[in-house]
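Taking it in order: structure first as structure tokens, then the write-up.
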């Protein structure tokens, strides 16, 4: 057989592979053949103390979580065949303990269509809630539960008027039904306007990048001291899920509206006792300001001598035109309403009017309107 025959080549290669394998087994670490029966878990490395920022976040959650509640709204629907009323879960949201008397604050849109409301506390007890009152234009509602008062822990009230963009904030709520979830972020912007369920603008809203998802609505937005600075109310997202932009009603507005809801069952709106022209009429007449259409007999506008719009022999005689309220220019009914809401019933404001080309400053005492 020739030295270069295929059989000889295969034999040589087999010898080379065998020798290489033998050398590999000889020189490889002996540890490979160690007894593995005595392998134990590795020693845990010491961590050290938590960072002060981490500890602060933990403390905020521990102190605030017992104040946050899970709200389930239930609607009654009639069965088409039996005509019996059936309870159907309508939606879920969040809320928080307002005071020691068992009052819970949440968003109006969380409970707007509910026939029955259940509230689950941090201790997992569930309570039926009664509706005290609502302020749809502010997307706020107040509920009442019968939980023993000594077990309730209200959230400390903060302030939003001195907040700064970049300040750290925390949101606690029940996104997607996952109770007591905490997210953190910063204040992204201030003074935003968002739409309430009624279509009315809510001014001064806080914008944050803290994750706010469906189910977070009505929960608290907290500052780094664990104080309430807003009520989470909306997200901006094409899909309806978190997209980095969330909004909260500022706490100054909450602290102004909630006591009125508790006292009267609704938001008491201050007014001047006059009917005002809408924006379309003002635009059509080319007026700079807000036209008084009529005044309520015996109301503040009537007592101050403000003139309404009248008709004489087929000719429309324009009434007084309001141009400023307390020195602030107004160009629409919404401008006047927003400015008046900064005051309470019984307080005095100065209304500047244009009467046949003459400017007059008229003091008015605000009255309650529906």
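Side notes on the structure shown:
- Whether a residue is part of a helix (DSSP H, G or I), crowded, with 19+ Cβ neighbours inside 10 Å and modelled with pLDDT of 90 or more was assessed, and residue 104 does not pass this test.
- The set of residues in region 202-228 that are within 15 Å of residue 140 (Cβ to Cβ) and in a strand (DSSP E or B) comprises 202, 203, 204, 205, 206, 220, 221, 228.
- Of everything in region 118-142 that is without any contact (Cβ under 8 Å) to a residue 24 or more places away in the chain and under 19 Å from residue 180 (Cα atoms), the residue that is surrounded by the most Cβ atoms within 10 Å (Cβ to Cβ) is 127.
- Residue among 316, 336, 292 that is within 37 Å of the chain's Cα centre (by Cα), assigned by TED's automatic domain parsing to the domain that holds residue 365 and part of a strand (DSSP E or B): 292
- Whichever residue in region 168-187 is modelled with pLDDT under 90 and within 14 Å of the chain's Cα centre (by Cα) and, among such residues, is farthest from residue 61 (Cα to Cα): 175
- Condition check for residue 190: part of a strand (DSSP E or B) and within 15 Å of the chain's Cα centre (by Cα): yes
- Meets criteria (touching a residue at least 40 places away in the same chain (Cβ under 8 Å), surrounded by 21 or more Cβ atoms within 10 Å (Cβ to Cβ) and either more than 11 Å from the chain's Cα centre (by Cα) or not in a loop (DSSP other than H, G, I, E, B) (or both)) for residue 267: no
- Contact map, region 42-54: residues that are outside the structural domain of residue 224 (by TED's automatic domain parsing) paired with residues that are modelled with pLDDT of 90 or more and outside any loop (DSSP other than H, G, I, E, B), Cβ distance under 7 Å, separation 6+ or inter-chain. No pairs are found.
The values are calculated or read from the model by the stated rules, or taken from the named source; none is laboratory data. Just so it is clear, the structure is predicted and the values come from calculations on it, not from any experiment. Note: ideal-geometry Cβ built from the backbone for every residue, glycine included; neighbour counts use all protein chains shown.
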